[in-house]
Structure formats: C-alpha cells, structure tokens
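Asks: Below is a structure I'd like to ask you about.
Every number in this text was worked out from the coordinates using simple rules, so none of it is lab data. Everything quoted here is computed from the prediction, not taken from an experiment. Glycine gets a Cβ as well: all are built from the backbone with ideal geometry, and neighbour counts include every protein chain shown.
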Amino acid sequence: MLKNILFICSQNKLRSPTAEAVFAGHEGWDVRSAGTNNNAEIPLGADDIEWADILIVMEQAHKKKVKQRFQRVLKGKRLICLGIPDNYTYMDEELIKILRFRVPKLID
C-alpha cells in the first residue's frame, strides 16, 4: 500500500525539500514537503495534512506548530520528529546521510 509522507521544516527551502528529493523514488512512498512559516516556499495547509498518512517534522518547534494549528485535521495521523537542526544546506551530504539512516526505520 502506498504511504503518503509529508516532510516539514520552517521555510521549505533546505531540510524538507532535501528529504522530499532523497525519498522521491522510494518504492511504496509518495512524498511531499512544506514549511510551517507563512512565507515558506510551500506553506503547510490543512489539505497537506489531510493528504499525508505520516508527517515528519525536523524539530520539536515544528511539531508544536503543527499540533497547534492543525489539531482537528491531525486525528489519527502519525507525527514524527527527526530532531534535525537548521544547520544544513539543500542536499547537504551529511543531511542526506542522516535522513537515509533515520527515516526508513521510522516508516517501514
């Protein structure tokens, strides 16, 4: 069964788009990314939450924002925090290693 996975960071410029790019071809997963900030490249909306089976945030602050803003839509959804700080550039090799190591263990 296909799993819809939404990666979330603040601006949707570095971490979550990297995760989306890394896992775009993963068998059995459909992936997207969004940002919690209103001025994010792709701002997180209720329709994104509804689409996702699993939401993966980069920091606890993102988890808190998502819970506060989308409490009703979140019912029954898995919300996972990776604990990845905003220290990486887009497609940073170290970030990719962390994502490839952590994410599949949490999903499969």
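Asks: Within the range 52-61, work out how many residues are outside any strand (DSSP E or B) and either touching an Asp or Glu at 6+ places or on another chain (Cβ under 9 Å) or closer than 15 Å to Leu6 by Cα (or both).
Replies: 4
Asks: Can you tell which of Ala19, Ala46 is touching a residue at least 12 places away in the same chain (Cβ under 8 Å), touching a Phe, Trp or Tyr at 6+ places or on another chain (Cβ under 8 Å), more than 19 Å from Met1 (Cα to Cα) and surrounded by fewer than 16 Cβ atoms within 10 Å (Cβ to Cβ)?
Replies: Among Ala19, Ala46, only Ala46 is touching a residue at least 12 places away in the same chain (Cβ under 8 Å), touching a Phe, Trp or Tyr at 6+ places or on another chain (Cβ under 8 Å), more than 19 Å from Met1 (Cα to Cα) and surrounded by fewer than 16 Cβ atoms within 10 Å (Cβ to Cβ).
Asks: Of all residues in the range 4-49, which are closer than 14 Å to Leu79 by Cβ and of a type in the set (D, E, K, R)?
Replies: Listed by number, the list holds a single entry, Asp48.
Asks: Keeping to the range 78-108, report how many residues are over 22 Å from Lys65 (Cβ atoms), in contact (Cβ under 8 Å) with a residue 60 or more places away in the chain and charged (D, E, K, R).
Replies: 2
Yes/no matrix, rows are residues, columns are (1) more than 13 Å from the chain's Cα centre (by Cα); (2) assigned to a loop (DSSP other than H, G, I, E, B):
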| residue | (1), (2) |
| --- | --- |
| His26 | yes, yes |
| Arg32 | no, no |
| Glu41 | yes, yes |
| Glu50 | yes, no |
| Lys63 | no, no |
| Val66 | no, no |
| Gly83 | no, yes |
| Asn87 | yes, yes |
| Leu99 | no, no |
